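Enquirer: One structure coming up, written as structure tokens, with questions to follow.
The values are calculated or read from the model by the stated rules, or taken from the named source; none is laboratory data. As the structure is a computational prediction, the values presented were derived from the model and not from experiment. Don't worry about glycine lacking a Cβ; one is built from the backbone with ideal geometry, like all the others, and counts go over all protein chains shown. Heads up: the accessible areas ignore ligands, DNA and RNA and are worked out on the full protein's heavy atoms, side chains in. Shrake-Rupley method; radii C 1.70, N 1.55, O 1.52, S 1.80 Å.
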Amino acid sequence: MAIKYILFDFDGTLVDSNEAVISSLNHVAIDYRGYSFQPHELEEILGKPIVDQMSFLSVDESPRLVDLYRVEYRRVQDAMTSIYEGMVELLRALKDRGILTAVVSNKGRNGINHGIEKFNLHDLIDTAISLDDVANPKPHQEGVLMALTKLGVPQEFIQNALEMCLFVGDSGHDLETAKNAGCKSVLVGWTLLNRDKLMKLKPDYIIESPKELLKVIDQIELVEVKNG
């Protein structure tokens, strides 16, 4: 089947917010314990919901730490966030092909909305599922299924839609989400996380630039034609 749906993670996939995220995480860590997150700690927590990230420091104090993180992130996000080169062009190309797009992220609704507004993505992203919209964050499949529903897929055709869907992300959580949902995964080569570890999760495809996603789609469709 041809690809009809592309679901994207947000931070580190669509938008380069890595500096803002890590700076804010370290701000909290220094405030709480006097020193920054170590590389192996970041490897463990990046991509997880903010409550889980702060619980890594302290379960008891996580509500206060979450608030501290959010205040700091809002302070630095505009200066430290950019959209990846070639991403807008990719989204326009997907739109031209009639492919529907969605964000499925463990980021909060306000943060996603801010990014979509900042980079003028309203007409390029058809819907967005945030941490605030689901009972079960990634790597649970709930966000994927909810996104497809919001993209207009009737419940009885969800399984068919998953066969026509790619999930694009930069973390193990994203790869596991795709597997749990039953769709193909695409790992972005610009991930900050340990690539060797991510490869153990066996992503279906790897792209080194946004435009390479179009080649993946063409490759899948060519295989379908040959098999058809």
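Enquirer: In the full protein assembly as shown, how much of residue 199 is accessible to a 1.4 Å probe, in Å² to the nearest 10?
Expert: 80 Å²
Enquirer: Rank 176, 156 by accessible area, highest first, at a 1.4 Å probe radius?
Expert: 156, 176
Enquirer: Starting from the Cα of residue 109, step 7 Å along the direction of its Cβ; do the same at residue 52; then give the gap between the two resulting points in nm.
Expert: Label-label distance for residue 109 and residue 52, simple model: 2.1 nm.
Enquirer: Residue 204 versus residue 117, label points 7 Å from Cα toward the beta carbon: distance in nm?
Expert: 3.5 nm
Enquirer: For residue 16, what charge total do you get from the other residues with a beta carbon under 11 Å from its beta carbon, if Lys and Arg give +1 and Asp and Glu give -1?
Expert: Once all neighbours under 11 Å are counted, the net charge is -4.
Enquirer: Take the cross-link list 118/179; 95/118; 138/197; 95/179; 95/200; 150/184 and give me the ones stretching past 29 Å between alpha-carbons.
Expert: 118/179; 95/200
Enquirer: Okay, next question. How many angstrom lie between the C-alpha centres of the stretch 1-51 and the stretch 143-200?
Expert: Their Cα centres are 18 Å away from one another.
Enquirer: Please work out how much accessible surface residue 52 shows to a 1.4 Å probe, ignoring ligands, DNA and RNA, in Å² rounded to 10.
Expert: 80 Å²
Enquirer: Using only the Cα atoms of the stretch 101-228, build the gyration tensor, take square roots of its eigenvalues as a ≥ b ≥ c, and label the shape rounded, prolate or oblate: rounded if a/c is under 1.5, else prolate if a/b is larger than b/c, else oblate.
Expert: It comes out rounded by the Cα gyration axes.
Enquirer: How big is the charge dipole of the chain about its Cα centre, in debye rounded to the nearest 20, if each Lys and Arg gets +1 on its Cβ and each Asp and Glu gets -1 on its Cβ?
Expert: Here the chain has a charge dipole of around 240 debye.
Enquirer: Another question, then. Please list 16, 174 from largest to smallest accessible area, probe radius 1.4 Å, with all protein chains kept in place.
Expert: These residues rank, largest area first, as 16, 174.
Enquirer: Sticking with this one: At 1.4 Å probe size, with no ligands or nucleic acids counted, give the accessible surface of residue 70 in Å², nearest ten.
Expert: My reading of the accessible area for residue 70 is about 100 Å².
Enquirer: Relative contact order of the stretch 117-228, please, whole-number percent, based on alpha carbon pairs below 8 angstrom and at least 6 residues apart.
Expert: Across the stretch 117-228, relative contact order equals 18 percent.
Enquirer: For the stretch 43-170, with all protein chains present and a 1.4 Å probe, just round the carbon and sulfur fraction of the accessible area to a whole percent.
Expert: Solvent-exposed carbon and sulfur of the stretch 43-170 make up 48 percent of the total.
Enquirer: A follow-up question, please. Largest first, what is the accessible-area ranking of 149, 13 with a 1.4 Å probe?
Expert: The residues order as 149, 13, largest area first.
Enquirer: Here is a further query. Could you report the stretch 8-130's accessible area per residue, 1.4 Å probe, as an integer in Å²?
Expert: About 46 Å² of surface per residue is accessible.
Enquirer: Would you mind telling me which residue in 73, 84, 32 has the biggest mean-square fluctuation in a Gaussian network model of the chain, where springs connect alpha carbons within a distance under 10 angstrom?
Expert: Of the options given, 32 has the highest mean-square fluctuation.
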